[in-house]
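Taking it in order: structure first as structure tokens, then the write-up.
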Amino acid sequence: MNTSADSHSDERRNHTVTVTTDRQRQVEDELVRTVLASFDGTPDPRLRQLMQALVRHLHAFMREVRLTEAEWQHAIDFLTAAGHITTGNRQEFILLSDVFGASMQTINMNHEATAGATEATVVGPFFVDDSPEIPLGGDMAFGAPGEPCWVEGTVTDTDDAPVPGARLEVWEADEDGLYDVQYGDGHTAGRAHLYTDD
């Protein structure tokens, strides 16, 4: 009899919020206060604000759903696995951030929407700094397999005036849906940057 597996299964099924006793609430409240106080001496006030807010919200989530030990361990194992496959060119935690909408919400909060302007958005996990520069009309494929595609457009400000010298970062997947960072050999293909003309 696999009691560990059976217990885990029971925990999965019994996921409803359990009403705790007054004593249990006191114990949990005291832990939150203790952890919050541990950051009181943080020299950087912004870091202190962030850490204490994170503690409050994290504990509130755990207490709301009555997180089980097995579920917490599963989360730790998942994050550990994500860390193991993260590299300089493969950032799994950005993908995880995207799953929760955290990447996009951070962009929303830090780039206020302006009437007439293109809304800010995330660059995604396949953006890479230092892409090669190409001239207007240049080929950014660099050998990536696929059908050639011609793209043209205009960059304007909110008054519809052209913006000269604007840097455009462009990257695209090949015909198999792969970006160059997924090739594994380090070569650049299907990405470049260029500048608008005058």
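The values are calculated or read from the model by the stated rules, or taken from the named source; none is laboratory data. Everything quoted here is computed from the prediction, not taken from an experiment. Methodologically, a virtual Cβ is constructed for each residue, glycine included, from the backbone with ideal geometry; neighbour enumeration extends over all protein chains shown.
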Would you mind telling me which numbered condition in (1) surrounded by 10 or more Cβ atoms within 10 Å (Cβ to Cβ); (2) at negative phi G143 fails? (2)
Subset of the range 94-112, residues over 23 Å from V170 (Cβ atoms) and at pLDDT below 90, comes to E112
May I ask you to list the residues in the range 121-138 that are in contact with a helix residue (DSSP H, G or I) (Cβ under 8 Å, 6 or more places away or on another chain) and surrounded by 13 or more Cβ atoms within 10 Å (Cβ to Cβ)? V122, G124, P125, F126, V128
Can you tell me how many residues in the range 94-105 are surrounded by fewer than 14 Cβ atoms within 10 Å (Cβ to Cβ) and closer than 15 Å to F127 by Cβ? 0
Name, by its number, the condition in (1) surrounded by 11 or more Cβ atoms within 10 Å (Cβ to Cβ); (2) farther than 30 Å from E30 by Cβ; (3) β-branched (V, I, T) that does not hold for T118. (1)
Going through A173, A115 one at a time, which residue ends up being small (G, A, S) and modelled with pLDDT under 90? A115
Report, ordered by the first and then the second residue, all pairs with beta carbons closer than 6 Å, sequence separation of six or more or different chains, a first member in the range 23-42 that is touching a residue at least 40 places away in the same chain (Cβ under 8 Å), and a second member that is in a helix (DSSP H, G or I) and surrounded by 12 or more Cβ atoms within 10 Å (Cβ to Cβ). none
Being at pLDDT 90 or above and of a type in the set (D, E): is that true of D129 here? no
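Between V181, V128, which is under 26 Å from I85 (Cα atoms), in a helix (DSSP H, G or I), in contact with a Phe, Trp or Tyr (Cβ under 9 Å, 6 or more places away or on another chain) and of a type in the set (A, V, I, L, M)? Don't jump to the end; show me each part of the working.
Numbers: V128 fails: in a helix (DSSP H, G or I).
Just one listed residue meets the conditions, V181.
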Selection from the range 146-163 of residues more than 30 Å from the chain's Cα centre (by Cα) and closer than 20 Å to S131 by Cα yields P148, W150
Taking the residues in the range 164-181 that are loosely packed, with under 13 Cβ neighbours inside 10 Å and among the small types (G, A, S) as candidates, determine which candidate is farthest from D130 (Cα to Cα). G177
Is there a residue in the range 145-158 that is part of a loop (DSSP other than H, G, I, E, B), at pLDDT below 95 and in contact with a helix residue (DSSP H, G or I) (Cβ under 7 Å, 6 or more places away or on another chain)? no
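In the range 161-198, how many residues are within 30 Å of T114 (Cα to Cα) and either free of Cβ contacts under 8 Å to residues at least 12 places away in the same chain or among the hydrophobic types (A, V, I, L, M, F, W, C) (or both)? Lay out the reasoning, then the answer.
First, pick out the residues of the range 161-198 that are within 30 Å of T114 (Cα to Cα): 161-172, 191-198.
Pick out the ones that are also either free of Cβ contacts under 8 Å to residues at least 12 places away in the same chain or among the hydrophobic types (A, V, I, L, M, F, W, C) (or both) and you get 161, 163, 166, 168, 170-171, 192, 194.
The qualifying residues number 8.
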Selection count where residues are in a helix (DSSP H, G or I) and either of a type outside the set (A, V, I, L, M, F, W, C) or closer than 30 Å to Y183 by Cβ (or both), scope the range 63-120: 30
When Q91 is run through (1) in contact with a helix residue (DSSP H, G or I) (Cβ under 7 Å, 6 or more places away or on another chain); (2) at pLDDT below 95; (3) surrounded by 13 or more Cβ atoms within 10 Å (Cβ to Cβ), the failure sits at (1)
